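Colleague: Handing you this structure, nothing more for now.
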Amino acid sequence: MHISSSEASRKSHEPELVGARALREWITGEQEQYSRVFLVESGASAETVAAVAREDDAVLLHAQSGPYDGPAHAFRFTGALSEVGDELFFGERGVELQDYVATAFVQIIGPTTVGFFDETGWQSFLDDADLARRTGVFPSSLIDPRVLLANRRALAAPGELATPSAIRVGSDGRISVGLQGEVIGEVDELATVIESRLPRAVALGGMVPRQALIEGLSGRGWIGRYLHATDLIKMLRLANGVEKISGFGWSFVDDARADAEPSASDPFLLETSDGFVLADVTTLRRQLLSPMTAKVVDATQTSSTPELAVDRLARECGLSESDANALCRDAATALNIHFGTRAHASRHTASGSGR
């Protein structure tokens, strides 16, 4: 069978591409293709990992980590990803590790993952998020398609209990969670410690004290939504601070009665030069909305109960409650939107004026 040069090149790079995708899951903590991803540093025991990794796991092995004979998908890398400036490669595909603060001042020239290496970086992340919440202007580093924020899953749900999905097997024999997480055991305890249910915040606690993390995220139940909004900006190549994203400096129904946050994965309501758009970062679906439908979406997503959404929409648009109820019900079915989760504080305090 004849294989074209372009197809041959693609096939020769497939292991590198798949390895890079597994690394992405390890960096973010977001499971897509694999149940767990192990990163085995140079000098660490590959045999121990082979004994516990399953067929639905991935193992990222340093080129000098020795032979591997296990059921999990295995990929070899060179380099490292521990300290600022480190680079890790799958063949010619590489990613550099940078501090969150530094990314605002350095030139991004290729795939880069950013993390928090001290409390200054952590506070800068929170300050940037608060600014985006108030104004709709997002930090340039997080909306650069070449930049990947580490430990996203832990940021969105720090208190959620789960077994680790991103495990580092260090050359010193210590087991830790994710890119920068806490040490949870020694290599001879691997089979036991990876089955322990731990708060996702352990993936962030290696560089920033856990209490500082908890305090920083408490009351910011919209952080998961914020991270999805950065994905949305990348996906649609939105002009930063120009197109309006509901919940970030703008609310279409600005009646000071919103009591809920949309779920992180719910579609986003936008106001663009083309009009009102509903965009879903999960399905990549986009659709234009009439102003009335846009108000239905905003009222529904920012209300914790159907009764509140109906009352708000009826008042906003001068509708009967039965008509408002029908609109909310139809929108939820047709547009796959949901009522929000009750917020700790009124949502409008972080938003700008509506229209």
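The values are calculated or read from the model by the stated rules, or taken from the named source; none is laboratory data. Keep in mind that what you see is a predicted model, and the values were worked out from it rather than measured. Note: ideal-geometry Cβ built from the backbone for every residue, glycine included; neighbour counts use all protein chains shown. All accessible areas refer to the heavy atoms of the entire protein, side chains included, with ligands and DNA or RNA removed. Shrake-Rupley method; radii C 1.70, N 1.55, O 1.52, S 1.80 Å.
Colleague: What's the number of the condition G318 fails, among (1) without any contact (Cβ under 8 Å) to a residue 40 or more places away in the chain; (2) of a type outside the set (S, T, N, Q); (3) over 30 Å from M235 (Cβ atoms); (4) crowded, with 16+ Cβ neighbours inside 10 Å?
Modeller: All conditions pass for G318, except number (4).
Colleague: Given the residues G224, G241, which is the only one that is under 22 Å from R134 (Cα atoms), assigned to a loop (DSSP other than H, G, I, E, B) and touching a residue at least 60 places away in the same chain (Cβ under 8 Å)?
Modeller: After applying the criteria, what remains is G241.
Colleague: Something else now. I'm trying to understand the selection: among the residues of the stretch 97-131, which are of a type outside the set (A, V, I, L, M) and over 24 Å from G224 (Cα atoms)?
Modeller: F105, Q107, G110
Every residue, every condition in (1) assigned to a helix (DSSP H, G or I); (2) out of contact with any Ser or Thr (no Cβ under 6 Å at 6 or more places or on another chain); (3) among the hydroxyl-bearing types (S, T, Y); (4) closer than 28 Å to R237 by Cβ, yes or no:
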| position | (1), (2), (3), (4) |
| --- | --- |
| A294 | yes, yes, no, yes |
| V297 | yes, yes, no, yes |
| T300 | yes, yes, yes, yes |
| V310 | yes, yes, no, no |
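Colleague: Right, here's the next one. Test Y34 against the criterion of being part of a loop (DSSP other than H, G, I, E, B), modelled with pLDDT of 95 or more and either touching a helix residue (DSSP H, G or I) at 6+ places or on another chain (Cβ under 7 Å) or open to solvent by less than 30 Å² (accessible area, probe 1.4 Å) (or both), and give yes or no.
Modeller: In short, yes.
Yes or no, residue by residue, for (1) surrounded by fewer than 20 Cβ atoms within 10 Å (Cβ to Cβ); (2) at pLDDT 95 or above; (3) out of contact with any Asp or Glu (no Cβ under 8 Å at 6 or more places or on another chain); (4) on the phi < 0 side of the Ramachandran plot:
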{"residue": "H2", "(1), (2), (3), (4)": "yes, no, yes, yes"}
{"residue": "K11", "(1), (2), (3), (4)": "yes, no, yes, yes"}
{"residue": "S42", "(1), (2), (3), (4)": "yes, no, yes, yes"}
{"residue": "R54", "(1), (2), (3), (4)": "yes, yes, yes, yes"}
{"residue": "D57", "(1), (2), (3), (4)": "no, yes, yes, yes"}
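Colleague: Same structure again: What's the number of the only condition in (1) over 22 Å from L97 (Cα atoms); (2) open to solvent by 70 Å² or more (accessible area, probe 1.4 Å); (3) at pLDDT below 90 that Q64 fails to meet?
Modeller: Exception for Q64: condition (1).
Colleague: With E96, E47 as the choices, which residue is among the charged types (D, E, K, R) and surrounded by fewer than 19 Cβ atoms within 10 Å (Cβ to Cβ)? Reasoning before the result, please.
Modeller: On the way: E96 fails: surrounded by fewer than 19 Cβ atoms within 10 Å (Cβ to Cβ).
Unique residue meeting the criteria: E47.
Colleague: Can you pull out every residue in the stretch 244-275 that is outside any loop (DSSP other than H, G, I, E, B), open to solvent by 10 Å² or more (accessible area, probe 1.4 Å) and within 12 Å of V297 (Cβ to Cβ)?
Modeller: E271
Colleague: So, one more: Output the residue which, of all residues in the stretch 278-302 that are surrounded by 19 or more Cβ atoms within 10 Å (Cβ to Cβ) and over 11 Å from A331 (Cβ atoms), is farthest from the chain's Cα centre (by Cα).
Modeller: T302
Colleague: Looking at the stretch 25-52, I want the residues that are without any contact (Cβ under 8 Å) to a residue 12 or more places away in the chain and have a partner that is outside any loop (DSSP other than H, G, I, E, B) with Cβ atoms under 7 Å, at least 6 apart or on another chain. Which pairs are those?
Modeller: Final answer for the pair search is E32/E25.
Colleague: Within the group G91, G79, which residue is more than 22 Å from D144 (Cα to Cα), surrounded by 15 or more Cβ atoms within 10 Å (Cβ to Cβ) and at pLDDT 95 or above? Talk me through it step by step, then tell me what you get.
Modeller: Working: G91 fails: at pLDDT 95 or above.
Being more than 22 Å from D144 (Cα to Cα), surrounded by 15 or more Cβ atoms within 10 Å (Cβ to Cβ) and at pLDDT 95 or above holds for just one of G91, G79, which is G79.
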